[in-house]
Amino acid sequence: MTYYSKVSYPLLIIVFIVFFGPLIPSYIYDDFKSNMVLITVALIILYGFILHMFFNTIYTIDNERLHITCGFFRYNSINIMEIKKISKSYNMISSPAASFDRIEITYGKFEEIIISPKHKLKFSEDLQKINPNIINNLRI
């Protein structure tokens, strides 16, 4: 089963403003100098990379493993039988979650990961089908 990450467009807008906002005064007052064009092209490429990560964050349930892919990056797979708890998260820590609407998965001894599947309840129910001992705090 494959779940895509929910994408928060306000988060993409914030990243866009942070990247390109500081360039606006330079373009208004300094015209188009060659170094500004190079900086702009570099930022466009970097922003494209970020867009790729946002729209290609995937959570795959395969047998008893949860695989997380964020763009070109793959996280270590998680043994679903080791998952202890799923709960809502408001933590803004960097994670494979392209949305502000996040859940935290606690697993292993002291491990946790924050993700943002589009269909959180269905995702958590599918995990519970494999491991019924998971405490699901999303339904509260």
Report task. Using only the Cα atoms of the chain, each taken as one equal point scatterer with no solvent, compute I(q) by the Debye sum, divide by I(0), and report log10 of the ratio at q = 0.12, 0.17, 0.18 Å⁻¹. Result -> -0.55, -0.88, -0.96
Query raised in the report: Taking the DSSP beta bridges in the chain as the whole, what percent of them are antiparallel, to the nearest 5?
Result: 95 percent
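For the chain, what is the mean residue ellipticity at 222 nm derived from helices alone (per DSSP H run of n ≥ 4: -39500 (n - 2.57); sum divided by total residues; nearest 500 deg cm²/dmol)? Don't skip to the end; give the middle numbers.
Working: 4 runs with 53 residues, N = 140.
So the calculated ellipticity at 222 nm is -12000 deg cm²/dmol.
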Query - Pairs of lysines in the chain (C-alpha under 19 Å apart; 8 or more residues apart or interchain) - result: 18
Query raised in the report: Where in the stretch 20-115 are there chymotrypsin sites (Phe, Trp or Tyr not before Pro) that are in a DSSP coil and have at most 13 other Cβ atoms within 10 angstrom of their Cβ?
Result: 32, 72, 90, 100, 110
Query - Nearest 10 degrees, 0 to 90: helix 120-130 Cα axis against the chain principal axis - result: 40 degrees
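A short reminder: the numbers here are calculations on the coordinates, not readings from a lab. All figures in this text were calculated on a predicted structure; none of them were measured in a lab. Cβ: placed from backbone, ideal geometry, glycine included. Neighbour counts: every protein chain shown.
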